[in-house]
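The values are calculated or read from the model by the stated rules, or taken from the named source; none is laboratory data. Fair warning: this is a prediction, and the values are worked out from it, not measured in the lab. Backbone-built Cβ (ideal geometry, glycine too); neighbour counts: all protein chains shown.
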Amino acid sequence: MANMLVAGNWKCNKLWNEAELFVDELSQILAQGDGQGQFCEVMVAPPSPYLAAFAQQFDGPFFVGAQHCSHQSMGAHTGDFTAEMLASCGVDFVILGHSERRADHSETDEMVAAQIRAALDAGLRTILCCGESLELRKLDEHFDWVKRQITAATTGLTPDEMAHVDVAYEPIWAIGTGVTASSAQAQEMHAFIRAVLAELHGDSVASDTRILYGGSCKPSNAAELFACQDVDGGLIGGAALDPESFAAIVAAARGVLSPS
Ligand code: 13P
């Protein structure tokens, strides 16, 4: 298995001066823990207006990610931006298919597939989000739902391209609710996702693809979630807004914090 990844998705939060402060504080805390435990990649995805500055001004110990890119090429699409634009200003990652974008901006599986295609063509690394609503879980349709999302987004990608795709399982009922999936629920779905990846792309791609967990992941539950065999890191929302709690989650991924 590749290195763990802990990625912070700020969503629509923080003013610029708060973002600068965060970078200083996070860099200092991460520097203190440097070299401890296993290596873990760290990524921060601030709001889009800050991306070029993040990528160009800060030499922080983390990758810089966008929360979205367009499924369309450059042209007359007011307010939108392309994967190539992100790459051209030094952004490393892009989060795609987040349930909030699917809900707020009516993003379809087809649009997410086109975004992944564009992001990979531009040389970006991608985090593909999937996850079901509580209603679907109650109907026992969550596995079919997640399989459909992954199949729609990754069919046709080559093994080399899949090496630039991380998957994030984010059950909608756990996002921002304080209700976390139990480690058993997370492991069950992550193992299923790996089986879907094996069906679509072969065993080697399946075992090399990182599958992150997202949904009310915080310092108090991160170590237990990350101890699951098929959980390779986290996509963190609320707890990524505070440098100390985000760094504590990174420490959990490094194995420095053990499950309580
Ligand atoms: P929370 O950690 O706030 O539940 O958000 C998770 C998420 O949506 C990350 O993309």
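Data table
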| read-out | value |
| --- | --- |
| Leading residue by the ranking (nearest to the chain's Cα centre (by Cα)) among those in the range 140-153 that are closer than 17 Å to residue 111 by Cα and surrounded by fewer than 22 Cβ atoms within 10 Å (Cβ to Cβ) | 146 |
| Single residue of 200, 136, 157 found to be at pLDDT 95 or above, more than 18 Å from the chain's Cα centre (by Cα) and not in a helix (DSSP H, G or I) | 157 |
| Within the range 160-172, considering residues that are of a type in the set (A, V, I, L, M) and in a helix (DSSP H, G or I), the one surrounded by the fewest Cβ atoms within 10 Å (Cβ to Cβ) | 172 |
| Those residues of the range 83-106 which are in contact with a helix residue (DSSP H, G or I) (Cβ under 8 Å, 6 or more places away or on another chain) and without any contact (Cβ under 8 Å) to a residue 24 or more places away in the chain, in sequence order | 102 |
| Residue within the range 180-193 that is surrounded by fewer than 21 Cβ atoms within 10 Å (Cβ to Cβ), of a type in the set (D, E, K, R) and under 17 Å from the mean Cα position of the chain (by Cα) present | no |
| Identity of the residue in the range 65-106, within 16 Å of the ligand (Cβ to nearest atom), in contact with a Leu (Cβ under 8 Å, 6 or more places away or on another chain) and hydrophobic (A, V, I, L, M, F, W, C), that ends up nearest to residue 130 (Cα to Cα) | 96 |
| Filter result for residue 131 (surrounded by 20 or more Cβ atoms within 10 Å (Cβ to Cβ) and in contact (Cβ under 8 Å) with a residue 60 or more places away in the chain) | yes |
| Some residue of the range 51-60 being at positive phi, of a type outside the set (Val, Ile, Thr), in contact (Cβ under 8 Å) with a residue 40 or more places away in the chain and more than 16 Å from the ligand (Cβ to nearest atom) | no |
| Any hit, the range 173-187, residues being in a strand (DSSP E or B), more than 25 Å from residue 34 (Cα to Cα), hydrophobic (A, V, I, L, M, F, W, C) and within 14 Å of the ligand (Cβ to nearest atom) | no |
| Every residue from the range 227-253 that is touching a Ser or Thr at 6+ places or on another chain (Cβ under 8 Å) and part of a helix (DSSP H, G or I) | 238, 239 |
| All positions within the range 5-39 that are away from the ligand (no atom under 16 Å from the Cβ) and either touching a His at 6+ places or on another chain (Cβ under 9 Å) or outside any helix (DSSP H, G or I) (or both) | 15, 33, 34, 35, 36, 37, 38, 39 |
| Enumeration of residues in the range 213-238 that are near the ligand (Cβ under 9 Å from one of its atoms) and touching a residue at least 40 places away in the same chain (Cβ under 8 Å) | 214, 215, 216, 234, 235, 236, 237, 238 |
| The one condition in (1) closer than 19 Å to residue 6 by Cβ; (2) away from the ligand (no atom under 16 Å from the Cβ); (3) crowded, with 21+ Cβ neighbours inside 10 Å that residue 197 fails to fulfil | (1) |
